[in-house]
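**Q** One structure follows; several queries about it will come next.
The values are calculated or read from the model by the stated rules, or taken from the named source; none is laboratory data. If you're wondering where the values come from, they're calculated on a predicted model, not measured in any experiment. With ideal geometry, Cβ positions are generated from the backbone for all residues, glycine too; neighbour counts draw on all protein chains shown.
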Amino acid sequence: MVYHTFQTLLVPALVSFIITLISTRFVIGYLASSGIEIDDKNKEKPVPLPTSGGIAVVFGIIVGALVYAFGGTFVFTPVVSISALFAVALSILLIALVGFLDDIHIKGRKVMTTDLMDKKLGLKQWQKPLLTVIGALPLMAINAGVSVVTVPFIGQVDLGILYPLVVLPLAVIFVSNAFNLLGGYDGLQPGTAIVASLGFLVYSVLFGTYTGALLSAILFASLLAFMPFNMYRAKIIPGDSFTYAIGAIFVAIMAMGNAEAFGVIIFFPWIVEFFLHLRRRFNVTDVGTRQRDGTFKAPYGRKIYSLTHIVMNAKRATEPEISLYLTLLELAFVLLGFGLKLAGFL
């Protein structure tokens, strides 16, 4: 039984890795030839890069989920509800579509957006939370998760019907949009997501559910395959199709993996990022001004509107260093989450 369980984790994850690897190579050329590109201004000279690499990641995740569904239908007795798995896949697909619509809104000439002149205009700020609620509909329809949740330092609370009808859609809206806020540097978004997904995977295996473990394994493998294409001197930008979809699957893992309290702890950097951006009504850029030595200067001086601004004010950091420091920050919160769990606070 143990072998069967780990096999049904490893095979879908391996397929997700391979499919994401292949599809990322494809979408790099396809998006570039389609003109869906924006300038990477963090280098010595602006470099045009295709955006919306999240399409490849989403494709890998969905194929991995379908592999498990196929195996559960024809090969073994499934531990995970196939209908729930399809609901998660549909949720990810719908919200990735919203992100893709945001990514492809690229003007022929530069316009002012988030305090920078850029070709990518994207959706309006009020449209993003309104449209991302679409991603919650499949999870609401199947009443995903358990209404009894563990609140850090408080204990278990039964939310009843409020959980699927109120908590889930609000969680999808907040998590997907908050995760979208912290970025702008090569490797930052997939790097922090890899750490968070690995945390969810270990937590799900030790304390959560098999559903959470399966979703975490598929997500982790897909992110690992995508990461080399977005590391320093990136070949593709993740885009909003990436951030919105990752936010949606995080919510699915928390809801179906019995990991809400743990999820709140490891998502804390993005919660902080949300409120920092809120101070300036989200009209904020995380990207600093590049100096001749390759380091970055905070765009608003000593005023802090992003975690990236804290790093830039703390030291003269290069692009890879900024991404590394914030990824290590996320690792610290993952370890904090495990510490609180072992201490009995979660």
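**Q** Which one is nearest to Phe76 (Cα to Cα) among residues in the stretch 1-56 that are loosely packed, with under 14 Cβ neighbours inside 10 Å and polar (S, T, N, Q)?
**A** Applying the filter and picking the extreme gives Gln7.
**Q** Residue under question is Thr327, and the condition is that it be part of a helix (DSSP H, G or I), more than 29 Å from Val157 (Cα to Cα) and not hydrophobic (A, V, I, L, M, F, W, C); does it hold? It would help to see each step written out before you state the result.
**A** Numbers: part of a helix (DSSP H, G or I): yes; more than 29 Å from Val157 (Cα to Cα): yes; not hydrophobic (A, V, I, L, M, F, W, C): yes.
The answer is yes for Thr327.
**Q** Output the number of residues of the stretch 40-69 satisfying the condition of being closer than 24 Å to Gly135 by Cβ and without any contact (Cβ under 8 Å) to a residue 24 or more places away in the chain.
**A** Matching residues across the stretch 40-69 total 2.
**Q** Tell me which residues, restricted to the stretch 195-217, are closer than 25 Å to Ala332 by Cβ and in contact (Cβ under 8 Å) with a residue 60 or more places away in the chain.
**A** Narrowing the stretch 195-217 to residues closer than 25 Å to Ala332 by Cβ: 195-208, 212-213, 215-217.
Result: Val195, Ala196, Leu198, Gly199, Phe200, Val202, Tyr203, Phe207, Ala213, Leu215, Ala217.
**Q** Determine whether the stretch 60-73 contains at least one residue that is modelled with pLDDT of 90 or more, of a type in the set (Phe, Trp, Tyr), under 26 Å from Gln125 (Cβ atoms) and surrounded by 18 or more Cβ atoms within 10 Å (Cβ to Cβ).
**A** No - not one qualifying residue is present in the stretch 60-73.
**Q** Still on this structure, please answer the following. Inspect the stretch 250-262 for any residue being crowded, with 24+ Cβ neighbours inside 10 Å, under 14 Å from the mean Cα position of the chain (by Cα) and either β-branched (Val, Ile, Thr) or at positive phi (or both) and give the result as yes or no.
**A** Among the residues of the stretch 250-262, at least one is crowded, with 24+ Cβ neighbours inside 10 Å, under 14 Å from the mean Cα position of the chain (by Cα) and either β-branched (Val, Ile, Thr) or at positive phi (or both), which makes the answer yes.
**Q** Could you please find all residues in the stretch 188-213 being surrounded by 24 or more Cβ atoms within 10 Å (Cβ to Cβ) and either of a type in the set (D, E, K, R) or in contact with a Phe, Trp or Tyr (Cβ under 6 Å, 6 or more places away or on another chain) (or both)?
**A** Pro190, Ser197, Leu201, Tyr203
**Q** Could you list, in sequence order, all residues of the stretch 278-303 that are free of Cβ contacts under 8 Å to residues at least 12 places away in the same chain and not in a loop (DSSP other than H, G, I, E, B)?
**A** Leu278, Thr289 - these are the residues of the stretch 278-303 that are free of Cβ contacts under 8 Å to residues at least 12 places away in the same chain and not in a loop (DSSP other than H, G, I, E, B).
**Q** Consider Phe268 against the criteria (1) farther than 24 Å from Ser52 by Cβ; (2) at pLDDT below 95; (3) not acidic (Asp, Glu): it satisfies all of them except one. Which criterion is unmet?
**A** (2)
**Q** List the pairs whose first member sits in the stretch 309-328 and is within 23 Å of Phe267 (Cα to Cα), whose second member is of a type in the set (D, E, K, R) and part of a helix (DSSP H, G or I), and whose Cβ atoms are under 9 Å apart, counting only residues at least 6 apart or on separate chains?
**A** Val311/Glu321
**Q** Just a yes or no: is a residue in the stretch 227-235 under 30 Å from Thr295 (Cα atoms) and among the polar types (S, T, N, Q)?
**A** Here is the first cut: in the stretch 227-235, the residues under 30 Å from Thr295 (Cα atoms) are 227-235.
Adding the requirement that they be among the polar types (S, T, N, Q) leaves 230.
Yes, because at least one residue in the stretch 227-235 is under 30 Å from Thr295 (Cα atoms) and among the polar types (S, T, N, Q).
**Q** Next up: Check whether at least one residue in the stretch 264-277 is touching a residue at least 60 places away in the same chain (Cβ under 8 Å), among the hydrophobic types (A, V, I, L, M, F, W, C) and over 26 Å from Ile310 (Cα atoms), and report yes or no.
**A** No, the conditions are met nowhere in the stretch 264-277.
Quick grid of which residues meet (1) in contact with a Phe, Trp or Tyr (Cβ under 6 Å, 6 or more places away or on another chain); (2) modelled with pLDDT of 90 or more; (3) part of a helix (DSSP H, G or I):
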residue	(1), (2), (3)
Phe86	no, yes, yes
Leu97	no, yes, yes
Phe100	no, yes, yes
Lys107	no, no, no
Asp118	no, no, no
Leu123	no, no, no
Leu130	no, no, yes
Gly145	no, no, no
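**Q** Would you point out which residue out of Leu278, Leu307 is loosely packed, with under 15 Cβ neighbours inside 10 Å and under 20 Å from the mean Cα position of the chain (by Cα)? It would help to see each step written out before you state the result.
**A** Details: Leu307 fails: loosely packed, with under 15 Cβ neighbours inside 10 Å.
Leu278 is the lone residue from the list that is loosely packed, with under 15 Cβ neighbours inside 10 Å and under 20 Å from the mean Cα position of the chain (by Cα).
**Q** For the subset of the stretch 74-84 comprising residues that are assigned to a loop (DSSP other than H, G, I, E, B) and surrounded by fewer than 21 Cβ atoms within 10 Å (Cβ to Cβ), which member is modelled with the highest pLDDT? Working first, answer last.
**A** Of all residues in the stretch 74-84, those assigned to a loop (DSSP other than H, G, I, E, B) come to 75-81.
Subsequent filtering for residues that are surrounded by fewer than 21 Cβ atoms within 10 Å (Cβ to Cβ) retains 75-79, 81.
On the way: Val75: 87, Phe76: 85, Thr77: 85, Pro78: 88, Val79: 88, Ser81: 91.
Here the residue is Ser81.
**Q** Out of the stretch 30-51, which residues are within 22 Å of Thr308 (Cα to Cα) and not in a strand (DSSP E or B)? Explain how you work it out, then say what you get.
**A** Taking the stretch 30-51 and keeping what is within 22 Å of Thr308 (Cα to Cα), we get 38-47, 49, 51.
Residues satisfying the conditions are Lys41, Asn42, Lys43, Glu44, Lys45, Pro46.
**Q** Considering the stretch 1-39 alone, what residues qualify as being modelled with pLDDT of 95 or more and either of a type in the set (Lys, Arg) or in contact with a Lys or Arg (Cβ under 7 Å, 6 or more places away or on another chain) (or both)?
**A** Selection gives Arg25, Ile28.
**Q** Return the residue satisfying two criteria in turn: it lies in the stretch 334-343 and is in contact (Cβ under 8 Å) with a residue 12 or more places away in the chain and surrounded by fewer than 18 Cβ atoms within 10 Å (Cβ to Cβ), and of such residues it is farthest from Tyr232 (Cα to Cα). Write out each step before concluding.
**A** Within the stretch 334-343, the first condition is being in contact (Cβ under 8 Å) with a residue 12 or more places away in the chain, and the residues that meet it are 334, 336-338, 340-341.
Now narrow it down to the ones that are surrounded by fewer than 18 Cβ atoms within 10 Å (Cβ to Cβ): 336, 340.
Numbers: Leu336: 28, Leu340: 34 Å.
So, considering only residues that are in contact (Cβ under 8 Å) with a residue 12 or more places away in the chain and surrounded by fewer than 18 Cβ atoms within 10 Å (Cβ to Cβ), the one farthest from Tyr232 (Cα to Cα) is Leu340.
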